[in-house]
């Protein structure tokens, strides 16, 4: 079953608002077995809406349309839809009563704009909106379905969750789809693809593979469709096992799990706590860790030692080390890691020191050179990395590499 | 001039990734005078790409296409584009050399997948990519232009900023547009809009106003089109002056300047340095500061004191203060600010302590309660904030509010 999602609104076309409705609806439709073939954002005018309906209605089993239903002058959508489906308008007492109770619930009062929401196309089945004033509208034509929803995300999601998901599942014969995402770090997209060429070539028919790269992290998504969910799950699981045999050292987790969550779980299992000593990463490691709710159970804190004075005063890095080897050196990061364990009273630590750029590079230590240390009860290890020229990327990649160095060190404990 | 943006990738259609490229490119194209009429996301397969080109190429002056250019097997866009424009492929030594220098810059090695990037359609003008391996490709057909860019946001933005924007402006007859963006913080969108109602109503014809809100920061973009650039600039400048008279206390800068850059400049003028003591912000303030190149001239470092032990040991917060007032209190954040100035040897400091959520709230201090302190040579000030329920937003808003509290305190020095 094919679906297309159409979002209506000029704010999307001038880049004022990022369209998050499409991704949310796409995920929901995918989860119940639809294949979303397009998402489209269009302007809030009659011609654009009609053109989109003419193009995408015939080639989809389901169109989901959001936006253009607001209470102000943009009630065009409703009228265009009524015309498209050859329908007049009717006044719905049910919708009026919903609107009245919503409006009084937020301590506001009815006006002409609100009352207009009760004027709906005769051809439409109304989907009640308990989260705002614009009802959803369900249309059928030549065995194709179109559903119009308000553009405000929480209203759209509310109608979908309350009623629409169930109604869609009841209306269509949907296959089972299974996805599994394998999370990689410590390897680039191209080298990973090279290692997996043979595996990809020998995959059973019907299994799809997508590389979803972001700086420092690659998500490899396996997908399969079929009639028997548990059989598909088994096929996917077998392929994940094969993957593990080929490239296990780069796999840190599954299904969008964050690297920091994985390390946090390892620390919790040990009843241990982490601290970070950050020079070039400037607090990003700590910030990524503390974005995880509940991290206070395993994270003590961080010393962001941007100046050499702070490295000496707070982390106990020896002046002669800085003098002899420089701030960006194996000796310095190891002392930083040891220093923050002592200062913050943690069992494990990571430390970073590097040249993020754009300035500060030398022929021996060009921009992108980063030393990273990981330390724990029985080990201190350090590794040199060479990232690129872009400051933001060097900081981000260093943060990920530091947590991965700790993870790998802990695995070897 | 009409433009459509097409983003390619199955990850967009299963809702795994929110398409942010479209909004970014739409804002950029709007800023140089294009009308973006559609944004469309499609699957990474030949038929979908050909259908989209057939539909949207004739009705647009410019198509921008992102994605589908990666080095792995799921990327076939390049081939489809070559076919569509009736072109064979050629091997580009220039692209190969760019790819080689990028790959060696990140400490990786060339393989077959990387080398493939140098195989480009003969009909395309190559746009060099200094931020990754996939070059941009510029095609012309029947006076319509299509440009294909990599899907990775920072590579796409890099190519656009390095070369593409200028090339587009040179290719099309675009009206002169002048934009000026006024940066606000410390006020919400609705209250700001309310304060500016009278001003908006009395604006001269032809001046457009757009509110571009993000958490903690509102950008108000004034725009005007015309034939005489300097006359338009003058009109816009006058309106900015009027704005300053109405809401100056919420204006921190102009034209996408970061709050951290503004504070950094104030510190540089004073020859002074900053340190941060962060509990609930978890290093995000330091991370935002260190994203700015050259910040080492005015930033010493940070103590991320996620545990009370670190607050006591490294920041000298008194145990009796924590006992009597709690970690989230005026007394604690003031001592944290004083402590980090001492420890890091800085002249100024900010400190944060709050309940980011989702857990840890009490009836007296619900989730979203945050105390923030700013301190300098002659002052220590603290302020309580009540943000919302969402952890990520509480952390982000606290980080912005802390730098703004420091900025305002420094203005009063």
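The values are calculated or read from the model by the stated rules, or taken from the named source; none is laboratory data. Treat the numbers as computed from the prediction; the structure is a model and nothing was measured. Heads up, the Cβs are rebuilt from the backbone with ideal geometry, glycines too, and the neighbour counts pull from every protein chain shown.
Inside the range A:51-65, residues that are touching a residue at least 60 places away in the same chain (Cβ under 8 Å) and assigned to a helix (DSSP H, G or I) make up a count of 1. Answer yes or no: is there a residue in the range B:334-346 that is touching a residue at least 24 places away in the same chain (Cβ under 8 Å), on the phi < 0 side of the Ramachandran plot, in a loop (DSSP other than H, G, I, E, B) and in contact with a strand residue (DSSP E or B) (Cβ under 8 Å, 6 or more places away or on another chain). Yes - at least one qualifying residue is present in the range B:334-346. Among the residues of the range A:369-395, those that are more than 9 Å from every other protein chain (Cβ to nearest Cβ), under 17 Å from residue B:108 (Cα atoms) and buried (at least 21 other Cβ atoms within 10 Å of the Cβ) comprise A:369, A:370, A:371, A:394.
Taking the range A:295-319 as the search range and keeping residues that are at the interface with another protein chain (Cβ under 7 Å from one of its Cβ atoms), touching a residue at least 12 places away in the same chain (Cβ under 8 Å) and under 13 Å from residue B:282 (Cα atoms), which one is surrounded by the most Cβ atoms within 10 Å (Cβ to Cβ)? If you could, list the steps in order and put the result at the bottom.
Taking the range A:295-319 and keeping what is at the interface with another protein chain (Cβ under 7 Å from one of its Cβ atoms), we get A:296, A:299-307, A:309-310, A:313-314.
If we keep only those that are touching a residue at least 12 places away in the same chain (Cβ under 8 Å) too, we end up with A:299-306, A:314.
Pick out the ones that are also under 13 Å from residue B:282 (Cα atoms) and you get A:299-304.
Working: A:299: 26, A:300: 25, A:301: 33, A:302: 36, A:303: 33, A:304: 34.
The qualifying residue surrounded by the most Cβ atoms within 10 Å (Cβ to Cβ) is A:302.
Please determine whether any residue of the range A:364-383 is under 29 Å from the mean Cα position of the chain (by Cα) and outside any strand (DSSP E or B). Yes, the range A:364-383 contains at least one residue that is under 29 Å from the mean Cα position of the chain (by Cα) and outside any strand (DSSP E or B). Exactly one residue out of B:170, B:158, B:136 is away from every other protein chain (no Cβ under 14 Å) and surrounded by fewer than 22 Cβ atoms within 10 Å (Cβ to Cβ): that is B:170. Among (1) touching a helix residue (DSSP H, G or I) at 6+ places or on another chain (Cβ under 7 Å); (2) surrounded by 15 or more Cβ atoms within 10 Å (Cβ to Cβ), where does residue B:242 come up short? All conditions are met except number (2).
Would you point out the residue of the range B:79-93, among those that are in a helix (DSSP H, G or I) and touching a strand residue (DSSP E or B) at 6+ places or on another chain (Cβ under 7 Å), that is nearest to residue B:165 (Cα to Cα)? Give the derivation first.
Residues of the range B:79-93 that are in a helix (DSSP H, G or I), as a first pass: B:79-84, B:93.
Narrowing further to those that are touching a strand residue (DSSP E or B) at 6+ places or on another chain (Cβ under 7 Å): B:81-82.
On the way: B:81: 21, B:82: 23 Å.
Once the filter is applied, the top-ranked residue is B:81.
Against the test of being in the same structural domain as residue B:197 (by TED's automatic domain parsing), surrounded by 14 or more Cβ atoms within 10 Å (Cβ to Cβ) and without any contact (Cβ under 8 Å) to a residue 60 or more places away in the chain, the options B:236, B:292 yield a single qualifying residue, B:236.
Given the criteria outside the structural domain of residue A:34 (by TED's automatic domain parsing) and touching a strand residue (DSSP E or B) at 6+ places or on another chain (Cβ under 7 Å), does residue A:139 qualify? For residue A:139, the condition - outside the structural domain of residue A:34 (by TED's automatic domain parsing) and touching a strand residue (DSSP E or B) at 6+ places or on another chain (Cβ under 7 Å) - is not met. The residue of the range A:31-43 that is farthest from the other protein chains (Cβ to nearest Cβ), among those that are touching a helix residue (DSSP H, G or I) at 6+ places or on another chain (Cβ under 7 Å) and at pLDDT below 95, is A:32.
For the range B:96-114, filtering for residues that are more than 9 Å from chain A (Cβ to nearest Cβ), touching a residue at least 12 places away in the same chain (Cβ under 8 Å) and under 10 Å from residue B:130 (Cα atoms) leaves 2. Of the candidates B:46, B:86, B:68, the single residue that is touching a helix residue (DSSP H, G or I) at 6+ places or on another chain (Cβ under 9 Å), over 22 Å from residue A:48 (Cα atoms), more than 11 Å from chain A (Cβ to nearest Cβ) and free of Cβ contacts under 8 Å to residues at least 60 places away in the same chain is B:46.
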